[in-house]
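Just so it is clear, none of the values below were taken in a lab; they were calculated from the coordinates. All of these numbers come straight from a predicted model, not from anything done at the bench.
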Amino acid sequence: MMLPVVEKFVSINGEGAHAGELAVFVRFRGCNLNCSYCDTSWANSGNAPAEFETPEEIADWVSKTGVHNVTLTGGEPLLHKECAEVISLLMERGCRVEIETNGSIALDRLAEAEHRPVFTMDYKLPSSGMEEFMCRNNFRLLNCHDTVKFVSGSMEDLERAAEIIEQYRLTERCHVYISPVFGEIEPADIVEFMEERNMNGVRLQLQLHKFIWEPTRRGV
C-alpha cells in the first residue's frame, strides 16, 4: 500500500476555514482534471517525480512535525484509495485532517467512514473548462465543518457561483468561499458582486501564501 508523494511540508493554511493556522501539507501525484488556471500542474502528470510512501510512513512523518492540522492535497488526493488509511491513522493520533478535492469524485465512502475528514471541495466554474465533471451529489454529504470553494476568474464565473450557491442552499450547509483566479480578476470586483447580490454567508478569500511568498513558490 504505497502512495506517490510529490512534496510534504509545514506552512500556514493559505485558504479555507483554518486559513492562517499552521498546517502540515502532503501533496499526492496525479489529477483527473485539467483546469485552465491550475497552479500545481507540475504535480498532476503520471510521471511527476514522487517518493512512494506507505500510510504509516506518512503518518509517522506528520507526527514528528508536532502540527495537528493536516491537509491532504494534490493533484487530486482521492484518486488514491489508500488515502483512507492515511486519514484513519492521522485521526487516531489526534490530527484534524482536511482533504482538498476538486469536486469531481464522489465523497460517499469517506463521508460515511468512522474517521471522516473535513472536506474542502472545489466547484469548477466555466473558466476552468471542467464544470461538466462536477459531482453535485457531493453537496448533500457536506456539513458545517466542510467548505465549498468557488475559484472565479470572470463575471460569468461569479454569476454561475451565485446560481449554484442558491440552488443548493450551500450557506445553510457548509462554509462557502469565493476566491479570485490569481491575476485574472480584482478582489474588489468580487466584493462589489457580493454586495449587489446580498450574498450573506459567503466569504471572499485570498490565497495568503501567494501574498506572503512568490506566487509560484513550492513548499509553502
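Points to keep in mind about this one:
- Full-extension gain in nm, residue 218 to residue 61, via 0.36 nm per residue minus C-alpha separation: 54.6 nm
- Cα extents for segment 101-220 along the principal axes, largest to smallest and rounded to whole angstrom: 40, 37, 25.
- For segment 147-213, the fraction of C-alpha pairs more than 17 angstrom apart is 36%.
- Viscosity 0.692 mPa s, temperature 37 °C, Stokes-Einstein D of segment 1-132 from Kirkwood C-alpha radius, µm²/s: 219 µm²/s
- For the chain, the mean residue ellipticity at 222 nm estimated from helices alone is -6500 deg cm²/dmol, where every DSSP H run of n ≥ 4 contributes -39500 (n - 2.57) and the total is divided by all residues, rounded to the nearest 500.
- Among beta bridges that DSSP assigns inside the chain, antiparallel share in %, nearest 5: 30 percent
- Per-residue ³J(HN,Hα) for segment 135-149, Karplus 6.51 cos²θ - 1.76 cosθ + 1.60, θ = phi - 60°, Hz, x for Gly and Pro: 9, 6, 4, 4, 4, 5, 8, 7, 9, 5, 8, 8, 9, 10, 10
- Extension gain, residue 111 back to residue 132 (0.36 nm per residue minus Cα-Cα distance, nm): 5.3 nm
- Once the chain from residue 92 to residue 2 is taken as fully extended at 0.36 nm per residue, the excess over their C-alpha distance is 30.4 nm.
- Across the alpha-carbon atoms of the chain, the computed radius of gyration and Dmax are 16.7, 51 angstrom.
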